[in-house]
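Reviewing the structure listed below.
The values are calculated or read from the model by the stated rules, or taken from the named source; none is laboratory data. Model, not experiment: these values are computed from the prediction. Cβ placement follows ideal geometry from the backbone for every residue including glycine, while neighbour counts extend to all protein chains displayed. For the accessible areas, the whole protein counts, side chains as well, though only heavy atoms, and no ligand, DNA or RNA atoms are used. Shrake-Rupley method; radii C 1.70, N 1.55, O 1.52, S 1.80 Å.
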Amino acid sequence: MEKRYSQRIVALLVMVMIILLGGCNSSATNQPAENPPAEKAVAAGTYTAKAAGYHGDLEVTTEVDQEGKVTKITIGENTETEDVGGIAMEKIPQRIIEAQSLDVDVIAGATLTSKGIINGVAAALKEAGADPVHYGYVAPEEESEAIMSPLNKSALPVKKETTGSITIKDVKGREVTLDLPISSYAISTMDVIDYIIPLKGEEAFAMLVASGQDGGGGIQKYAQLYKPLVGDYTQHLGQISDHNAPFDLEMVLSMNPDVLIVNSAMAAHKYAMEIEDQLTAAGISIVLIDVPGKTLDKSVQETMKLLGKIFQEEEKAAGVAAFIDKQYELLAAKNLAQRQNKPKVYYEKSGYSEVYGSTGTSVSGWGLPIAIAGGDNIADAVLLDKASAGGSSNTLDPEYVIKADPDYIILSGVNDGWLDSLKQKKEPPQYDIINRTGWSNLQAVKNNNVYEFAHSTSRSIYAFYPCLKMAKLFYPEEFKDLNPEAVLDEFFDQFMLVGSDISTWFTGLEDSTSLKK
């Protein structure tokens, strides 16, 4: 919002200067002072442009009036996903028209589709004779250049002399031999560095030479957060994959890390194995980790101990593992899994009133913290015995959800979350999902027990937090002395380089303005 206001002020000052200069030069040009040269008028009309989305180009048609007001935006031919991508194609045009601005919030989980629409409208405005900058627009190349530096191979970390080796067994049981010490490393997505920061501190960034991209633009988000703190590590950071896409073998070989660390919880596992032979021949090892894995209360600690061996920081790794063990032991002591009258819980990712997002059972993803916190996941009754129970693309019949009448609804991937504190403006969280037919009668909605967690948290080093938070929500009396936020703060203070305010970890329906009157 501040950015938009400042641009309008600049535009106003420019207009004032034009008027003043016109008055000063009137005698020389024989023009009356009251008739300064006019700005180029906006050509009202309909303009169509193409811009890159998530799955190829989006065709965006924009109608503009003579005053430069955007009156209509329609999306034409595209190959975007129908569920979340479709939400972006509905919501982003609405937001642009309502705000008369291109500085609008993107749809969580559909960042690339959202930005494609914004870029398409910007191109239309430019063709109409309007300056998109006056609408709060920042060109993608300008945005990237402001955060990421050009790749400079001379800035790569110097290879250290080998003093020994270690053979470890990764999460898939693969025996991997590594020369020590590790001089440089690559990771499948930037959030993996959160497991390395407690071991190496600022050096974690100095040693990092490559990362894959995630759906939320993690490479840029981490750079924006950490460059002022640790220096410009982006000049030796190569992007080795797009979101959920194969690795760029040429880039990996070019950056020449000692090891590529891959979180096998996502498609990166499969893509890493496709290039294993070539990397092995080049002396680059692959190590697979798995978070959240099948046992969330143990996977992070196992990952830390494995990385402690690789980076020769076993004592530090043990300290992190002990802290996290303590949190899960607190929950285990209450025997929540054996409770007879557990609260019924429904989980959904990226849900909106018109679109049903995916759910999960108690053996995968966000179903894991729900189970650890003592919730009765309503998806288990219909999905747990199916072959797809461990997948992330299951959905529940809308009528089944209404009939089950959950006590709590847990969401992710809808509003702000992971590293959203970097944004210049904040909006109240939107829980449009509760406007579905029949949902106003659900116990969870009636009692305001609808909550959202930052989506990436379940596979992060901070996964203990949603487990603690849900337990306190489900059993408030038993956990009345528990302060999950204080525990999270303590973890950041002990092991991380920044504070816990980097993200919106949790919001509730009471914070929203979504319910229709």
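Tabulated results
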quantity: Theoretical gain in end-to-end length, Thr74 to Ser149 [0.36 nm per residue, Cα-Cα removed]; calculated: 23.5 nm
quantity: Exposure rank, largest accessible area first [Ser440, Ser393, Ser364; 1.4 Å]; calculated: Ser393, Ser440, Ser364
quantity: Using θ = phi - 60° and Karplus 6.51 cos²θ - 1.76 cosθ + 1.60, couplings along region 295-312 (whole Hz; Gly, Pro as x); calculated: 10, 4, 6, 10, 5, 5, 5, 5, 5, 4, 5, 5, 5, x, 5, 5, 9, 6
quantity: Lys/Arg +1, Asp/Glu -1 at C-beta; region 94-183 dipole; positive extreme among Ala124, Val171, Thr113; calculated: Val171
quantity: For the chain: span of alpha carbons on each principal axis (Å, largest first); calculated: 86, 65, 42
quantity: Share of Cα-Cα pairs in region 127-243 lying beyond 26 Å, as whole percent; calculated: 32 percent
quantity: Anchor Lys69: lysines whose Cα lies under 27 Å away (excluding residues fewer than 8 positions away in-chain); calculated: Lys3, Lys40, Lys50, Lys91, Lys115, Lys126, Lys423, Lys425, Lys426
quantity: Peptide ranges 63-73, 332-342 listed from the most packed, as the mean C-beta count within 10 angstrom indicates; calculated: 63-73, 332-342
quantity: With all protein chains modelled, accessible area of His455 [1.4 Å, Å²]; calculated: 60 Å²
quantity: In nm, spacing of pseudo-spin labels at Leu229 and Asn483 (7 Å Cα→C-beta vector); calculated: 2.2 nm
quantity: Sites Glu354 and Lys270, calculated FRET efficiency, Cβ-Cβ separation with R0 30 Å, nearest 0.05; calculated: 0.40
quantity: Residue among Gly351, Met190, Ala43 farthest towards the positive dipole end of the chain, charges placed on Cβ; calculated: Gly351
quantity: Among beta bridges that DSSP assigns inside the chain, antiparallel share in %, nearest 5; calculated: 50 percent
quantity: Nearest-10 value in Å² for the accessible area of Leu383, using the 1.4 Å probe; calculated: 10 Å²
quantity: Accessible surface, 1.4 Å probe, highest first, among residues Glu490, Glu313, Glu452; calculated: Glu490, Glu313, Glu452
quantity: Only Lys, Arg (+1) and Asp, Glu (-1) charged, at Cβ; region 251-396 dipole about Cα centre in debye; calculated: 520 debye
quantity: Average accessible surface area per residue within the chain, 1.4 Å rolling probe, Å²; calculated: 46 Å²
